[in-house]
Amino acid sequence: MIKGWNKEKVGNLDLKLAGILGKIKEIDKLEEQGTISEAQHVERALLRCELEKILLKEEITWRQKSREIWLKVGEKNNSFFTWWQRVTIEGKSNNIKVNGTYSETKEELQSAIAEYFQGRFMELREERP
């Protein structure tokens, strides 16, 4: 049912894509020969717009297909993803390692950050001529 609707509403994107690319190549050959008209310039621009639309539809189709596959296959890995999320969340903590020790409290973090940037941006006083 969905395949029938897709063919009726969207059509075969590969055939459309091949047809448009063929027409664009024909116009490009005419341009190389120097026998291209203004109407053919306009036609090529319209064909390129249509090409962009078809490529976008194709990208959307592939995205939907990959999502469908993930929903079918990804469900089997649910326990793994739940475990990984738990490990990742539990393992995260706000700390910074400074001079071999971890700073974990808000005050320690602020102090460590301030010291770092003061050291980075402190101007060295040199005698200038």
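The values are calculated or read from the model by the stated rules, or taken from the named source; none is laboratory data. All figures in this text were calculated on a predicted structure; none of them were measured in a lab. All Cβ positions, even for glycine, are placed from backbone atoms using ideal geometry, and neighbour counts span all protein chains on display.
Kindly establish whether GLN33 is touching a helix residue (DSSP H, G or I) at 6+ places or on another chain (Cβ under 8 Å), modelled with pLDDT of 90 or more and not aromatic (Phe, Trp, Tyr).
On the way: touching a helix residue (DSSP H, G or I) at 6+ places or on another chain (Cβ under 8 Å): no; modelled with pLDDT of 90 or more: yes; not aromatic (Phe, Trp, Tyr): yes.
The answer is no for GLN33.
Note down all Cβ pairs under 7 Å where the first residue falls in the stretch 58-87 and is under 26 Å from ALA18 (Cα atoms), the second is exposed (fewer than 10 other Cβ atoms within 10 Å of the Cβ) and modelled with pLDDT under 70, and they're at least six residues apart or on different chains. Hits for this filter: zero, empty list.
Of the helices (runs of 4 or more DSSP H) contained entirely in the stretch 37-129, those carrying at least 2 residues that are over 25 Å from ASN12 (Cβ atoms), at pLDDT below 75 and under 22 Å from the mean Cα position of the chain (by Cα) fall at 38-74.
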